[in-house]
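Shown next, in structure tokens, is the structure this report addresses.
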2 protein chains.
Amino acid sequence: MENDIFTRTFSPLLIVLSGTAGAGKDSVIRRMQERDIPFEFVVTATSRSPRPGEVNGRDYLFLSQTEFQAMVRNDELLEHAVVYNQHKGIPKQPVFKALQSGKDVLLRVDVQGAATIRSRYPQAVTVFLSALSEEELTRRLFRRGGDSPDQVALRLRTALEEMKQISEFDYVVINADNRLDEAVDVLHAILRAEHARADPRRIIP
Amino acid sequence: MENDIFTRTFSPLLIVLSGTAGAGKDSVIRRMQERDIPFEFVVTATSRSPRPGEVNGRDYLFLSQTEFQAMVRNDELLEHAVVYNQHKGIPKQPVFKALQSGKDVLLRVDVQGAATIRSRYPQAVTVFLSALSEEELTRRLFRRGGDSPDQVALRLRTALEEMKQISEFDYVVINADNRLDEAVDVLHAILRAEHARADPRRIIP
């Protein structure tokens with residue numbers, strides 16, 4: 001079946017967009033949406049408070065500790081973890097609903113979350129997004145609002161540590177300053193190439 | 001080294017464009033060149049005579065039986081085989097020269113040749129090009145000049161047999177009638193995606 005070219009069907013992908021803080025995951029996702037690249041973005045649920053400008057349901061699903069714990073208890077999360085003392089996790093239901101309707105699903109997860117998803121769903125396509133240089137990364141982390149200098153320093157140390165794990169990922173995409181569209185082009189190319197695999201990475205049967 | 005994102009360098013790829021007769025390999029390569037997609041096309045050497053319109057050095061390297069045998073004896077071919085009683089093979093020297101100068105190399109080879117290259121260079125990126133349907137393929141084989149009806153029938157049987165081997169390839173690209181640019185887009189995406197691999201498929205050290 002799988003080997004019959006003339007009857008091949010579209011297999012939706014589970015794409016994990018990861019990378020360090022300051023890599024620009026949110027900007028990349030927003031630009032992909034603006035460019036009408038077809039995929040379903042499933043937002044992460046979190047127990048932390050919204051940062052200035054963040055919108056519930058678009059950036060994150062903001063839950064109370066109690067609501068989050070209930071999702072954990074009911075096994076409603078694809079993966080979840082405590083990062084910087086806050087709960088984060090990907091709700092299962094919208095992921096499988098989108099895949100079943102034939103849509104590629106894109107998740108934005110930190111490096112720890114990517115490792116969990118990879119171990120549970122080895123067919124997931126994992127992408128590590130990165131700044132072009134350490135200077136660029138440092139600048140971005142300092143510019144970002146809402147964090148104390150200590151938090152920034154911690155994020156930078158964590159980022160440099162996380163970068164050692166890139167060989168666990170399928171792809172590395174560089175998101176350099178003022179070259180957002182290049183990063184989006186490469187991500188788009190990855191989606192097209194993965195759909196052309198002779199042996200597609202099927203998440204759902 | 002390989003794991004340091006900030007010092008990653010470009011690794012040239014060896015791309016094997018294969019597929020059955022009538023898949024449209026030549027048209028795809030020509031359109032890729034017209035669209036200035038950067039790669040070096042290394043032509044196959046053959047002992048058969050040129051078909052109408054074929055140019056020596058552009059389409060094939062046309063050699064005498066004697067010249068071809070000398071290349072085989074001197075181990076100057078990446079792979080070679082006898083297909084339909086004619087010798088075909090890829091000269092090594094231009095392949096490694098281009099790779100060493102940092103260029104992606106694209107080879108056009110039949111399914112048998114692709115299998116040989118894959119076994120010798122498992123890092124090669126292999127693509128199986130195909131018509132959209134059996135009707136389309138049959139029509140193309142009949143339309144093609146220079147073959148007798150018996151030769152066409154043999155090519156069609158061989159093609160359907162070769163299609164059973166697609167799972168040996170990395171990618172399958174459909175080249176449907178009047179949708180050449182779509183096939184080229186997918187090939188271009190494959191090149192970009194392969195260059196973004198966390199663990200690049202290096203042919204040369």
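The values are calculated or read from the model by the stated rules, or taken from the named source; none is laboratory data. Everything quoted here is computed from the prediction, not taken from an experiment. Cβ atoms come from the backbone with ideal geometry, glycine included; neighbour counts cover every protein chain shown.
Are any residues in region A:188-205 out of contact with any strand residue (DSSP E or B) (no Cβ under 6 Å at 6 or more places or on another chain) and part of a helix (DSSP H, G or I), and if so, which ones? Passing the criteria: A:His188, A:Ala189, A:Leu191, A:Arg192, A:Ala193, A:His195.
Only one of the numbered conditions (1) over 18 Å from A:Ile5 (Cβ atoms); (2) at pLDDT 95 or above; (3) surrounded by 21 or more Cβ atoms within 10 Å (Cβ to Cβ) is violated by B:Gly113, and that is (2).
For (1) out of contact with any helix residue (DSSP H, G or I) (no Cβ under 6 Å at 6 or more places or on another chain); (2) under 19 Å from B:Tyr121 (Cα atoms); (3) among the aromatic types (Phe, Trp, Tyr); (4) surrounded by fewer than 20 Cβ atoms within 10 Å (Cβ to Cβ), each residue gets a yes or a no:
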residue	(1), (2), (3), (4)
B:Thr7	yes, no, no, yes
B:Ile29	yes, no, no, no
B:Glu54	yes, no, no, yes
B:Tyr84	yes, no, yes, yes
B:Pro91	yes, yes, no, yes
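Residues in region A:181-197 that are crowded, with 16+ Cβ neighbours inside 10 Å and in contact (Cβ under 8 Å) with a residue 12 or more places away in the chain: A:Ala183, A:Val184, A:Val186, A:Leu187, A:His188, A:Ile190, A:Leu191, A:Glu194, A:His195.
Given the criteria out of contact with any strand residue (DSSP E or B) (no Cβ under 8 Å at 6 or more places or on another chain) and crowded, with 18+ Cβ neighbours inside 10 Å, does A:Asp59 qualify? Yes: the conditions hold for A:Asp59. Of A:Glu162, A:Glu168, A:Glu182, all but one fail to be closer than 18 Å to A:Glu136 by Cα and either within 7 Å of chain B (Cβ to nearest Cβ) or out of contact with any Asp or Glu (no Cβ under 9 Å at 6 or more places or on another chain) (or both); the exception is A:Glu182.
Scanning region A:134-154 finds one or more residues that are within 11 Å of another protein chain (Cβ to nearest Cβ), touching a helix residue (DSSP H, G or I) at 6+ places or on another chain (Cβ under 7 Å), farther than 20 Å from A:Gly89 by Cβ and not polar (S, T, N, Q). A:Lys97 fulfils the conditions (1) more than 14 Å from every other protein chain (Cβ to nearest Cβ); (2) surrounded by fewer than 19 Cβ atoms within 10 Å (Cβ to Cβ); (3) at pLDDT below 95; (4) over 15 Å from the mean Cα position of the chain (by Cα) except for a single criterion, (3).
Residues that are within 17 Å of the chain's Cα centre (by Cα) and more than 15 Å from B:Gly19 (Cα to Cα) occur at least once in region B:197-205. For a quick check of your reading: which strands (runs of 3 or more DSSP E) sit entirely within region B:92-180 and have at least 3 residues that are within 24 Å of B:Tyr60 (Cβ to Cβ)? By residue number, B:105-108, B:125-130.
Can you confirm whether A:Asp110 is more than 8 Å from chain B (Cβ to nearest Cβ), under 26 Å from A:Pro50 (Cα atoms) and under 17 Å from the mean Cα position of the chain (by Cα)? Against the criterion (more than 8 Å from chain B (Cβ to nearest Cβ), under 26 Å from A:Pro50 (Cα atoms) and under 17 Å from the mean Cα position of the chain (by Cα)), A:Asp110 qualifies. From the list A:Pro200, A:Pro205, the lone residue that is surrounded by fewer than 18 Cβ atoms within 10 Å (Cβ to Cβ) and either touching a Phe, Trp or Tyr at 6+ places or on another chain (Cβ under 8 Å) or not charged (D, E, K, R) (or both) is A:Pro205. Here B:Thr116 fulfils each of the conditions (1) in contact with a strand residue (DSSP E or B) (Cβ under 6 Å, 6 or more places away or on another chain); (2) more than 30 Å from A:Val186 (Cα to Cα); (3) facing chain A (nearest Cβ under 9 Å) apart from (3).
When restricted to residues that are more than 25 Å from B:Asn85 (Cβ to Cβ) and surrounded by fewer than 14 Cβ atoms within 10 Å (Cβ to Cβ), region B:124-155 contains 1. Taken together, the residues in region A:2-42 that are at positive phi and without any contact (Cβ under 8 Å) to a residue 24 or more places away in the chain amount to 1. Are any residues in region A:81-136 without any contact (Cβ under 8 Å) to a residue 40 or more places away in the chain and among the aliphatic types (A, V, I, L, M), and if so, which ones? Correct list: A:Ala81, A:Val82, A:Val83.
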